[in-house]
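Working notes for the structure below.
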Amino acid sequence: MDGVDHLADERIKADFDVNEMKIVWAGSRHAFEISDRISRLVASDPFFRKDHRGVMGRKELFKDTLRKAAHAWKRIFELRLSEDEAGRLRFFVDHPSFLDLHWGMFMPAIKGQGTDEQQQKWLSLANRMQIIGCYAQTELGHGSNVQGLETVATFDPHTDEFVIHSPTLTSAKWWPGGLGKVSTHAVVFARLITDGEDYGIHGFIVQLRSLDDHSPLPGITVGDIGTKFGNGAYNSMDNGFLMFDHVRIPRDQMLMRLSKVTREGKYVPSDVPRQLVYSTMVYVRQTIVADASSALSRAVCIATRYSAVRRQFGSQKGGPEAQVIDYKTQQNRLFPLLASAYAFRFVGEWLKWLYTDVTQRLQANDFSTLPEAHACTAGLKSLTTSATADGIEECRKLCGGHGYLWCSGLPELFAVYVPACTYEGDNVVLLLQVARFLMKTVSQLGSGKPPVGTTAYMARAEHLMQCRPGVQRAEDWLKPGVVMEAFEARALRMAVACAKNLSKFENPEQGFAELSSDLAEAAVAHCQLIVVSKFIAKLEQEINGKGVKKQLENLCYVYALHLLHKHLGDFLTTACITSKQASLASDQLRSLYSQVRPNAVALVDTFNYTDHYLGSVLGRYDGNVYPNLLEEAWKDPLNDSVVPDGYHQYIRPLIKQQLRTSRL
């Protein structure tokens with residue numbers, strides 16, 4: 001049966017132009033062409049094979065990482081790939097490695113916080129991979145609380161050097177990817193001390209290993225932190241620990257775009273506001289949101305295809321059993337995740353635009369939008385990563401018992417993805433940062449300073465505090481204005497309620513601590529509004545292709561109405577909608593599921609993922625699952641022999657009752 005398309009009947013049902021939807025998903029025809037070409041290039045290269053990762057030992061897995069990274073660099077060089085093409089190649093290789101931190105954190109940190117001279121020196125080396133860098137911020141004792149970091153960088157005016165030191169066990173750097181065994185350099189964050197005064201956390205470029213023999217330099221203690229969650233997964237990454245024993249670096253290896261220390265040891269803030277560091281955060285977090293869409297769409301693709309292949313119960317008079325995807329309970333769990341993948345894709349596109357806008361404003365010395373950009377990217381990072389981690393696990397459950405197999409692709413995908421809920425800011429901590437921004441915005445509503453950007457809706461506070469959507473029929477929930485007003489009213493009323501409760505406390509910080517759960521929920525409401533608004537804005541753009549816009553509309557309202565159903569308590573307790581309107585929303589949601597159903601397989605085909613990238617027997621494009629499940633089972637090392645190792649030592653004596661028994 002190999003080669004037979006078991007999902008052909010599903011694809012025939014689609015009533016939209018799949019190729020045009022692929023372009024919408026990719027963002028542009030040019031982006032689609034690059035992605036399609038590079039994904040197939042990777043899939044056809046045996047060097048990038050990954051179906052054996054689950055049975056590799058840690059050392060073997062790590063060596064395989066080095067081999068693939070070197071081959072990827074070789075192919076990038078040979079094919080003269082552009083920066084964009086090279087990034088897509090590393091993405092489709094789909095192998096967590098030191099390269100992720102080198103390109104994704106080390107270099108952006110230098111771009112954002114280094115002077116022009118520092119960028120010219122260090123980025124030229126990093127771009128050619130003559131040095132390999134990582135981002136050493138998190139410590140054994142502190143992660144999200146960056147201001148609590150303990151590593152110190154003390155300036156010595158006699159030698160014109162900084163002395164980097166780890167004064168305590170908990171000041172050991174812990175978790176940086178690429179640090180354990182590979183990185184030659186790191187951007188190290190430490191407390192800057194000069195002339196006896198602590199000026200807080202700053203970044204420093206520190207060489208860790210010899211460029212001749214790769215041995216740690218004097219005063220450097222470095223290693224790998226050990227095996228992490230899951231088979232394969234992040235165990236291909238050398239997350240590391242790092243301790244400094246009075247390591248000296250030249251003064252000019254302090255990243256000095258935001259502030260500097262003179263030869264005499266005087267601390268001099270730059271003319272560039274320290275808020276500039278937000279631009280780097282915006283960049284990193286917008287890539288995390290884009291990654292959320294990629295990871296969730298991958299899980300949804302596997303679960304959707306397998307749900308169409310799998311049959312259980314419901315046979316009539318000896319006929320075939322029902323496809324699992326036809327069960328309403330399956331649709332109610334699966335289709336909102338499909339819609340979420342698209343929603344996160346489009347809000348990710350908007351964040352990419354936001355980063356460009358913020359960067360242009362910075363170049364014109366306009367820092368007015370930075371706080372708002374920082375808040376919304378923090379919140380969207382939290383929202384999308386939490387939803388994606390939960391969504392991948394839900395997709396595993398949607399695949400039944402077979403979803404628990406490593407070859408389903410879902411256990412490793414979950415293990416690789418779930419750290420995103422913690423790195424670059426713990427998700428709850430980030431929501432509380434958003435909440436602080438919202439409380440400040442609410443407090444300024446009567447000041448004559450109108451809220452901007454993603455909080456612009458708060459300028460209509462008087463209306464939103466009193467309005468109710470004009471929903472008389474289920475179809476009314478398909479009107480953009482109705483949906484937007486319901487989500488805006490909910491977000492505003494929750495934020496205003498928190499502000500009122502905070503005002504009852506004499507000590508604002510005590511109030512913030514006491515009300516932190518409510519504040520986090522208000523932040524979620526605000527962030528969900530952003531995602532819904534950007535999905536609706538996408539529908540207002542020119543969209544080509546037969547039926548494409550209709551499918552996007554269906555997914556948009558599935559996303560919005562499922563959120564309304566999930567958070568119904570918020571909408572009802574804030575009196576944004578009535579119970580009757582909530583019931584009509586549920587009716588409309590069921591109708592939307594029926595419209596998504598015949599298009600479901602085609603909608604995941606638009607992600608354009610190769611079987612190599614999916615890495616899933618259950619999610620194969622041809623749907624030929626069962627023969628390949630058995631084939632994968634035979635590949636396991638336990639099946640190398642018919643009689644297992646240990647049989648004569650343990651099993652035979654047991655069943656032959658030859659084990660010596662003890663007296664009671």
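The values are calculated or read from the model by the stated rules, or taken from the named source; none is laboratory data. Given the structure is predicted, the values throughout are model-derived calculations rather than measurements. For neighbour counting, all protein chains shown are included, and Cβ atoms are generated from backbone atoms with ideal geometry for every residue, glycine included. Only protein heavy atoms, including side chains, enter the accessible area calculation; ligands, DNA and RNA are left aside. Shrake-Rupley method; radii C 1.70, N 1.55, O 1.52, S 1.80 Å.
Figures for the structure shown
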{"read-out": "Cα centroid separation - the stretch 593-612 against the stretch 369-433, whole Å", "value": "21"}
{"read-out": "Per-peptide average of other Cβ atoms within 10 Å, ordering 212-224, 541-553 highest first", "value": "541-553, 212-224"}
{"read-out": "Longest to shortest principal axis, alpha-carbon extents of the stretch 73-159, angstrom", "value": "48, 31, 18"}
{"read-out": "Structure-derived Cα extents along the principal axes in Å: which label, when the choices are [x] 95, 73, 53; [y] 92, 80, 70; [z] 92, 78, 75", "value": "[y]"}
{"read-out": "9 Å beta-carbon shell around HIS52, net charge (K/R +1, D/E -1)", "value": "+2"}
{"read-out": "Inter-label distance for LYS397 and MET56, nm, one decimal - labels placed 7 Å from Cα along Cα-to-Cβ", "value": "3.2"}
{"read-out": "Virtual spin-label span in nm between ASP116 and TRP634, 7 Å along Cα→Cβ", "value": "6.6"}
{"read-out": "Length added when fully stretched, CYS467-ARG49, from 0.36 nm per residue minus Cα-Cα", "value": "144.8 nm"}
{"read-out": "Solvent-accessible area, 1.4 Å probe, carbon plus sulfur percent, for the chain", "value": "53"}
{"read-out": "The chain, accessible area per residue, ligands and nucleic acids excluded (1.4 Å, Å²)", "value": "46"}
{"read-out": "In the stretch 186-276, trypsin sites (Lys or Arg not before Pro) in a DSSP loop with at most 12 other beta-carbon atoms within 10 Å", "value": "ARG263, LYS266"}
{"read-out": "Most to least packed among 103-113, 445-455 [average Cβ atoms within 10 Å]", "value": "103-113, 445-455"}
{"read-out": "Net length gained if the chain between PHE367 and ALA8 were fully extended (0.36 nm per residue, minus Cα distance)", "value": "123.9 nm"}
{"read-out": "Förster-model FRET efficiency, 45 Å R0, LYS266 and SER516, C-beta, rounded to 0.05", "value": "0.65"}
{"read-out": "FRET E, pair ASP213, SER594, Förster distance 45 Å, beta-carbon r, rounded to 0.05", "value": "0.10"}
{"read-out": "Length added when fully stretched, ARG29-TYR404, from 0.36 nm per residue minus Cα-Cα", "value": "131.3 nm"}
{"read-out": "ASN507 versus THR573: modelled label distance in nm, points set 7 Å from Cα along the beta carbon direction", "value": "2.6"}
{"read-out": "Over the stretch 90-163, relative contact order from alpha-carbon pairs under 8 Å, at least 6 apart, %", "value": "21"}
{"read-out": "DSSP-loop chymotrypsin sites (Phe, Trp or Tyr not before Pro) across the stretch 257-356, with at most 11 other Cβ within 10 angstrom", "value": "PHE313"}
{"read-out": "Estimated 222 nm signal from helices in the chain, with DSSP H stretches of n ≥ 4 weighted -39500 (n - 2.57), rounded to 500", "value": "-16000 deg cm²/dmol"}
